[in-house]
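One structure is given here, and the rest of the page talks about it.
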Amino acid sequence: MRFRIFRYDPDKDEKPAMRDYDVALDPHDRMLLDALERIKEQDDSLSLRRSCREGVCGSDAMNINGKNGLACVTKLSDLREPVELRPLPGLPVIRDLIVDMTQFFKQYHSIKPYLINEDPPPEKERLQSPEEREELDGLYECILCACCSTSCPSFWWNPDKFVGPAGLLQAYRFIADSRDQATGERLDDLEDPYRLFRCHSIMNCVEVCPKNLNPTRAIGKIKELMVKRSV
Amino acid sequence: MALAKRSFDAVVVGAGGAGLRAALQLSEAGLSVAVVSKVFPTRSHTVAAQGGIGAALGNMGEDSWLWHMYDTVKGSDWLGDQDTIEFMCREAPKLVYELEHFGMPFDRNENGTVYQRPFGGHMQNLGAGPPVQRSCCAADRTGHAMLHTLYQRNVRARTQFFVEWLALDLIRDASGQTLGVTALEMETGEVMILHAGATLFATGGAGRIFASTTNAFINTGDGLGMAARAGIPLEDMEFWQFHPTGVAGAGILITEGVRGEGGYLLNKSGERFMERYAPTGKDLASRDVVSRAMATEIKEGRGAGPHGDYLLLKLDHLGPEVIEKRLPGIREIAKKFANVDPVKDPIPVVPTAHYMMGGIPANYRGEVVAPQAGNAEAAVPGFYAAGECACASVHGANRLGTNSLTDLLVFGKAAAESIIKFLQENPGRKDLPKDAAERTQARLARLDGQKNGESVAEVGTEIRRTMQAHCGVFRFPDMLAKGVKKIREIADRVSRTQIRDKSRVFNTARIEALELDNLIEVARASMVSAEARKESRGAHDRADHHTRDDANWLKHTLWYKDGDRLEYKPVHMKPLTAPTIEPKVRTY
């Protein structure tokens with residue numbers, strides 16, 4: 001199978017280049033990550049992140065034939081050749097398929113991604129009805145792979161000011177939690193021409209999310225709450 | 001060359017469940033902490049845990065920590081230390097409530113309490129049954145939910161992380177006290193000394209010594225390698241859990257929660273064979289029992305599929321609603337990795353290497369202990385271990401499902417509290433020895449200068465192939481003896497590996513070579529310990545000694561890298577407050 005992979009090592013390369021690889025696959029090789037491991041056996045200098053190889057740790061996000069996805073859950077049989085692999089768009093490249101995710105995590109951290117509840121905790125669990133808990137479905141499952149934010153034009157233009165789909169999905173995860181008491185504060189923080197309102201519902205985020213989550217819907221709900229409290 | 005140095009009160013190596021729980025405690029106590037992790041914290045392998053956290057909350061019916069303790073001791077085939085087991089089971093409910101207060105999205109019951117599901121080996125009434133619902137879960141993504149919650153809480157506590165730094169070696173002075181680690185920053189290739197008054201290892205498992213494993217690429221036993229090189233023994237390394245349900249061919253975990261929710265295993269004739277092996281517990285017998293039954297079915301020609309090499313996990317009878325609500329992740333995995341939709345068809349599964357019961361010897365306070373001057377369990381000053389890399393030993397010869405997450409929470413916190421106390425009693429840091437970075441620099445120089453060596457991938461494959469063939473579910477004396485010889489030969493080859501890539505920037509070839517140094521210590525410890533233990537207990541099953549032999553083998557193994565030798569130490573049969581649970585025949 002034929003691959004064209006973005007290669008760049010700042011330690012020795014002046015500029016990036018695409019390199020071709022032909023790989024003989026084993027019958028057990030099902031996913032793109034399996035093929036990348038084969039390539040790495042031939043050429044140990046190819047650098048990428050990977051860990052769980054089952055789509056839950058979020059390490060091996062990359063741009064695959066023009067679309068962001070996780071190598072470990074992308075079936076080889078679904079890919080046209082040559083398979084073109086590039087680092088996630090819009091973030092600085094450290095080396096090969098590895099990008100610097102500092103800006104992405106900075107935005108995630110900026111939304112205070114933790115439960116805020118100042119009441120003294122009860123002796124046992126805080127109670128939450130199954131319906132209240134269901135509000136968190138489709139939100140808490142985010143694996144922070146950055147496929148969504150790095151496919152979002154608004155995030156490309158303003159990565160320092162726009163929270164991006166991943167961060168906003170998590171902002172809503174805490175707003176939606178019946179145990180969280182900081183909804184007002186969270187909405188205040190997002191009521192800003194950039195932090196939230198750079199989202200123009202382009203919906204690239206929804207299309208690429210490997211966990212089938214819907215950041216655009218979560219952003220819509222945040223906007224709804226803002227309208228509701230202003231009337 | 002002198003290395004750059006930074007100083008902290010404590011350094012925590014690893015940012016999975018145990019490392020993050022400990023870091024939180026230390027940060028909130030106002031200590032300066034460096035958490036070193038080779039991956040971004042939420043990428044740690046705790047993220048892949050599915051089924052739940054074991055704790056006797058009693059939300060679904062009567063339960064008690066004593067029953068949980070009994071099940072854990074029995075599950076361990078009496079090799080678990082009863083003081084640490086009591087400690088874990090007693091503390092567990094408190095730690096689960098805490099996690100809920102941190103924001104963990106647990107599933108809920110109608111009355112608003114945390115939902116709990118049944119799991120293998122968890123019973124009411126001191127093992128007598130019926131099964132108890134003890135596993136606190138968030139659908140089948142409990143580890144993911146827990147790891148993210150703990151990371152989030154650490155963001156709140158402003159914990160300092162060294163993300164994508166690989167710890168290389170443990171620093172000890174002449175007295176044996178530990179004083180931090182050397183570590184490599186992957187992005188720049190720079191090596192630094194992290195000097196600390198206390199060092200906690202929470203580096204997770206090492207399933208990557210096997211060819212077929214549920215474990216992530218990162219599970220290379222780094223803490224064990226570092227400890228072994230620094231002269232610390234490794235305990236009970238012959239005990240490896242093979243999870244009954246890994247996706248055939250892919251190794252991906254399918255949670256025992258599937259059977260907890262009512263799924264069961266079938267052989268090629270559609271027979272529910274577990275009824276023959278475990279008449280009471282059936283599919284919810286403990287994991288070693290189910291995995292052996294499955295391996296026997298396959299061996300005796302009753303496996304399913306064109307090659308008769310897997311069994312079938314049936315859950316379609318649970319209905320799409322239950323599957324979508326309680327097991328959505330499993331459905332996703334089955335579709336992607338087995339090409340079946342479990343709403344209609346059974347999932348092909350095989351026993352797959354999953355969990356390391358052994359590890360760095362520790363006590364219930366999270367202190368690392370090693371024999372010294374006649375004391376079998378002298379604390380190594382300044383050194384702590386928690387989670388899968390530690391052998392506390394709560395899991396003994398076989399871990400019960402759900403107890404790994406319980407272990408991370410309880411002993412992560414306990415170790416942190418011990419560190420806080422130690423630092424109060426021993427303020428400041430002892431000076432680093434002159435040779436603090438010598439071992440690390442020698443390893444790096446060797447790797448950079450190596451000529452005519454073998455590739456890391458090749459030697460790694462040899463380790464995995466050897467462990468899989470010689471040290472699997474069923475173990476045979478001749479295969480073990482050959483395995484010891486082979487793994488010793490491979491260890492020589494590991495010391496001559498060569499990498500072609502010499503870049504300083506994010507050099508994953510170098511990282512994998514350094515990880516191989518750790519994998520080989522784990523593999524060697526496991527094979528040598530397994531060859532020596534002449535009985536069958538828990539996950540260790542020998543063809544020439546079919547039964548448990550308490551008269552000769554009710555003891556923990558200690559393996560030393562130096563001399564590749566073994567010692568033994570007694571099992572703690574005396575709990576902290578509860579009566580001893582006396583050994584008896586283990587049936588489910």
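The values are calculated or read from the model by the stated rules, or taken from the named source; none is laboratory data. All values derive from a computational prediction rather than experimental measurement. Heads up, the Cβs are rebuilt from the backbone with ideal geometry, glycines too, and the neighbour counts pull from every protein chain shown. Side chains included, ligands, DNA and RNA excluded: accessible areas come from the protein's heavy atoms. Shrake-Rupley method; radii C 1.70, N 1.55, O 1.52, S 1.80 Å.
The table that follows gives values for the structure above.
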{"read-out": "For region B:422-485: rounded, prolate or oblate by the Cα gyration tensor [a/c cutoff 1.5]", "value": "oblate"}
{"read-out": "Folded to 0 to 90 degrees: helix B:65-75 orientation relative to chain B principal axis, Cα", "value": "90"}
{"read-out": "Pairwise label distance in nanometres, B:Lys5 with B:Asn426, each label 7 Å out on the Cα-Cβ vector", "value": "1.7"}
{"read-out": "Taking the C-alpha atoms of region B:437-586, convex hull volume expressed per residue in Å³", "value": "163"}
{"read-out": "Point-to-point label distance, B:Ala211-A:Lys228, nm (Cα→Cβ direction, 7 Å offset)", "value": "5.7"}
{"read-out": "Taking only Cα atoms of region A:123-231, radius of gyration then Dmax in Å", "value": "14.2, 48"}
{"read-out": "Candidates A:Asp78, A:Asp177, A:Asp60: whichever shows maximal mean-square fluctuation once chain A is modelled as a Gaussian network with Cα springs under 10 Å", "value": "A:Asp78"}
{"read-out": "Interface A:B - total buried accessible surface [probe 1.4 Å, Å², rounded to 100]", "value": "5300"}
{"read-out": "Within the accessible area of the protein assembly as shown (1.4 Å probe), percent carbon and sulfur", "value": "49"}
{"read-out": "Cα-based Rg / Dmax (Å) for region A:177-224", "value": "12.3, 32"}
{"read-out": "Buried on assembly, region B:33-53 (at least 50 Å² less accessible surface than by itself, 1.4 Å probe)", "value": "B:Phe40, B:Arg43"}
{"read-out": "Beta bridge orientation in the protein assembly as shown: antiparallel %, DSSP, nearest 5", "value": "70"}
{"read-out": "Loop sites in region A:109-208: GluC sites (Glu not before Pro), DSSP, at most 12 other Cβ within 10 Å", "value": "A:Glu118, A:Glu123"}
{"read-out": "For region B:94-110, residues shielded by at least 30 square angstrom of accessible area compared with the chain on its own, probe 1.4 Å", "value": "B:Tyr97, B:Glu100, B:His101, B:Gly103, B:Pro105, B:Arg108, B:Glu110"}
{"read-out": "Stokes-Einstein D in µm²/s, Kirkwood radius over Cα pairs - chain B at 37 °C with 0.692 mPa s viscosity", "value": "138"}
{"read-out": "Cα-based radius of gyration of region B:256-332 once divided by 2.2 N^0.38 Å, which approximates compact folds", "value": "1.12"}
{"read-out": "Whole-number Å³ per residue for the convex hull built on Cα positions in region B:293-409", "value": "149"}
{"read-out": "Rounded FRET efficiency, nearest 0.05, which uses the C-beta distance separating B:Asp435 from B:Arg500 and R0 of 41 Å", "value": "0.85"}
{"read-out": "³J(HN,Hα), Karplus 6.51/-1.76/1.60, whole Hz, each residue of region A:88-101, x for Gly, Pro", "value": "3, x, x, 10, x, 7, 7, 6, 6, 8, 9, 9, 7, 9"}
{"read-out": "For B:Phe273, distant residues with modelled amide H under 5 Å away", "value": "B:Asn267"}
{"read-out": "Most fluctuating residue given options A:Arg80, A:Arg95, A:Arg217, as computed from a GNM of chain A linking Cα atoms under 10 Å", "value": "A:Arg80"}
{"read-out": "Geometric extent, Cα atoms of the protein assembly as shown - Rg, Dmax (angstrom)", "value": "25.2, 80"}
{"read-out": "Accessible area in square angstrom per residue, the protein assembly as shown, 1.4 angstrom probe", "value": "35"}
{"read-out": "For region B:366-430, projected area of the alpha-carbon convex hull averaged over all directions, nm²", "value": "5.3"}
{"read-out": "Helix B:438-449 axis, angle to chain B major axis (alpha carbon atoms, nearest 10°)", "value": "80"}
{"read-out": "Two-decimal log10 I(q)/I(0) for region B:1-78, as the Debye equation yields it once each C-alpha is a single scatterer, q = 0.14, 0.16, 0.17 Å⁻¹", "value": "-0.73, -0.84, -0.88"}
